[in-house]
């Protein structure tokens with residue numbers, strides 16, 4: 001492919017690009033970040049107490065993997081995210097579809113949901129400690145409250161976007177109301193629901209830090225707070241990088257899931 005033609009396609013909205021080029025671009029941006037990070041740290045432009053070198057972060061990772069503590073903290077955080085996310089999604093998806101499809105359900109839930117979704121999750125942490133305690137249940141509940149009401153709004157919007165012609169055609173073919181909900185609305189909402197899960201999973205990984213900053217004895221958020229008290233910036237950067245990496249992995253899982261299950265909607 002000629003260079004001029006390829007450049008034109010790069011500047012054309014939604015134009016298809018060679019897969020090799022997209023891989024090169026994705027890897028290239030990370031290499032650029034690492035190069036700039038190295039120049040700033042190894043060049044002495046920023047003191048190591050504020051920004052550690054890549055070598056320092058890597059050495060810390062190797063040390064914590066060697067003593068086994070890093071795997072325990074990763075699993076502690078992943079466990080909290082998975083439990084809170086699954087519990088929230090199981091409730092939010094069917095309830096959100098009903099909220100977006102039935103005016104009565106929307107009238108009942110809309111005022112409460114739109115009120116709750118603007119409340120900061122951090123405001124609930126002291127109450128949850130008083131009500132639930134300081135175990136994993138409290139941290140899971142933080143994740144749940146952080147994403148549940150957002151999921152409701154997003155899936156309700158997906159449900160409202162289902163074509164009315166599709167629903168009318170179902171009634172014309174003799175479908176009953178429950179059949180329309182089970183066999184028309186739910187499948188039609190599936191692509192949007194997976195996209196919603198992909199987005200809110202990212203939020204769940206951010207809220208795990210909030211959940212573990214108070215009353216936790218393990219997890220990536222916990223080691224970040226402990227490292228802050230000891231000015232261990234390399235540990236803080238490591239925990240941040242791991243949360244981002246874990247979020248990226250789950251994001252790719254949802255991308256793969258959408259491509260396999262709802263390939264007809266791509």
Report, to the nearest 10°, how far helix 136-160 tilts away from the longest principal axis of the Cα atoms in the chain, using its own Cα long axis and a range of 0 to 90°.
40
Name the most mobile residue of 19, 226, 176, meaning the one with the largest mean-square fluctuation, in a Gaussian network model of the chain with Cα contacts below 10 Å.
19
Rounded to the nearest 10 degrees, the helix 233-261 long axis (Cα) sits at an angle to the longest Cα principal axis of the chain of 30
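So how do 253, 189 line up by other beta-carbon neighbours within 10 Å, fewest first? Walk me through the numbers before you get to the answer.
Details: 253 12, 189 24.
With the sparsest Cβ surroundings first, the list reads 253, 189.
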From the Cα centre of the stretch 244-266 to that of the stretch 57-119, the distance in Å is 17
Would you mind calculating the gained length between residue 112 and residue 176 on full extension (0.36 nm times residue separation, minus the Cα-Cα distance), in nm to one decimal?
20.0 nm
Peptides ranked, highest mean first, by Cβ atoms within 10 Å: ranges 126-132, 27-33
126-132, 27-33
Spacing of the two label points (7 Å from each Cα toward its C-beta) at residue 169 and residue 72, in nm
5.8
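Going by how many other beta carbons lie within 10 Å of each one, how would you line up 160, 258, fewest first?
On the way: 160 14, 258 20.
Listed from fewest to most nearby Cβ atoms, that is 160, 258.
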Name the most mobile residue of 23, 75, 37, meaning the one with the largest mean-square fluctuation, in a Gaussian network model of the chain with Cα contacts below 10 Å.
23
Estimated distance in nm for a label pair at residue 5 and residue 264, the labels positioned 7 Å out from Cα along Cα-to-Cβ
3.5
Can you compute the FRET efficiency between residue 38 and residue 231 using 1/(1 + (r/R0)^6), with r the Cβ-Cβ distance and R0 = 25 Å? Round to the nearest 0.05.
0.70
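Could you work out how much longer the chain between residue 248 and residue 132 gets when fully extended? Use 0.36 nm per residue separation minus the Cα distance between them, nm to one decimal. Walk me through the numbers before you get to the answer.
Details: separation 116, 0.36 × 116 = 41.76 nm, distance 3.10 nm.
Here the answer is 38.7 nm.
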For 212, 137, order by how many other beta-carbon atoms lie within 10 Å, fewest first
137, 212
Of [x] 1.06; [y] 0.95; [z] 1.00, which is the value of Rg/Rh (Cα atoms, Kirkwood Rh) derived from the coordinates here?
[x]
Protection proxy ranking of 59-71, 42-54 - average other beta-carbon atoms within 10 Å, highest first
59-71, 42-54
Helix 69-101 against the longest principal axis of the chain: what's the angle in degrees, Cα atoms only, rounded to the nearest 10?
20
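Since every read-out is calculated from the coordinates, none of them should be taken as a lab result. Remember, it's a predicted structure, so these values are computed and weren't measured experimentally. Cβ atoms come from the backbone with ideal geometry, glycine included; neighbour counts cover every protein chain shown.
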